[in-house]
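The structure appears below as structure tokens.
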């Protein structure tokens, strides 16, 4: 159903979305957010341009959004930055948008360039990227630096979780806009596409994650291998820059026919069926804020076993199982199969929670409202005379 405006004040705006792989969303949380928010901003009467590094360069429009395809260096440390630099360069010689939404604090060095062009800019800071294991040494120091630069140079900061907003307040005394993600409520999705994989509704456990250490796929696979579970563990995911970690997961799964590594699943209909028909969805993410994969499982009415950190508890409340070790997750796998009815009821409660708390229409309204304030001259820079001050760093506690 098209999203209609509740407040008709104000002219249509032109928004640019920079710093992601673009749309259609087939990869991660940022891409999902850009697609769902951008499409709704268009439905509200605005114009949206999305800068993309997706493979299909022939697609020029999608769900009402204009797509600009530009290349990127296929290197872990340079892919995002090289594409963002080209995107901002393209904007330099194009019709200027009213507002730019920049995703990922790593792109903060391009904010002064945008502001020099007269484009008010908000940075969606994402999670605490410097805590990811793939960033060591210079990479980790860079991510610590760009957090400060985002605070110093942006007109607004967007956080998708209260824990991230609290971190920026404690560490930098910086205000943020709390704009979470949304999700779709999946009902009557069917099961024919999981049947192609030899799966039956309610008779498998599911993991969907990039193979990166902070997502704890190795812990999940190890815990399952130690369990007495009879239902298979279906693992969806891969990682372009994590060969050693992928090899570790493959080694843990070898010799256990109950574990199936599917790699990436890009067919969104089949992926919806995988989420909605699982007995449990196991979520090991520990660094990001509000995670779209977790919300997708909740929207599918699936019971969740989640790694025990504040971000996941913020999303799930008390309606989930939590683990912090291999042994505790092993026990929960066994318990889930002994009481599937209880987990079906947990899944329905999580679906209601997702419906009540994570609505894409409300998120898009928040982005539009922020965009209108920015276009009218709002900036957090004007309210912070000492923008370089950094408070004592306090990060979310991990188990």
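Just a few scattered comments:
- Taking packing as the residue-averaged number of other Cβ atoms within 10 angstrom, the listed peptides 66-73, 351-358 run from highest to lowest as 351-358, 66-73.
- In degrees, nearest ten, helix 162-172 long axis to first principal axis of the chain (Cα): 50 degrees
- Candidates 125, 50, 88: whichever shows maximal mean-square fluctuation once the chain is modelled as a Gaussian network with Cα springs under 10 Å: 88
- Rg to Rh, two decimals, where the stretch 192-357 supplies the alpha carbon set and Rh follows Kirkwood: 0.92
- A Förster distance of 25 Å, applied to the separation of the beta-carbon atoms of residue 56 and residue 94, puts the FRET efficiency at 0.75.
- Theoretical gain in end-to-end length, residue 382 to residue 369 [0.36 nm per residue, Cα-Cα removed]: 2.8 nm
- Relative to the longest principal axis of the Cα atoms of the chain, the long axis of helix 268-277 lies at roughly 50 degrees.
- Cα convex hull of the stretch 268-323 - mean projected area over all directions, nm²: 3.5 nm²
- Residue ranges 282-289, 41-48, 191-198 sort as 282-289, 41-48, 191-198 when ordered by packing (mean number of other C-beta atoms within 10 Å per residue, highest first).
- C-alpha long axis of helix 29-43 to longest principal axis of the chain, angle in °: 60 degrees
- Scaled to the globular estimate 2.2 N^0.38 Å, the Cα spread of the chain, given as radius of gyration, is 0.98.
- Neighbour counting of Cβ atoms within 10 Å sorts the residues 348, 370, fewest neighbours leading, into 348, 370.
Every number in this text was worked out from the coordinates using simple rules, so none of it is lab data. Remember, predicted model here, so these are calculated numbers, not experimental data. For neighbour counting, all protein chains shown are included, and Cβ atoms are generated from backbone atoms with ideal geometry for every residue, glycine included.
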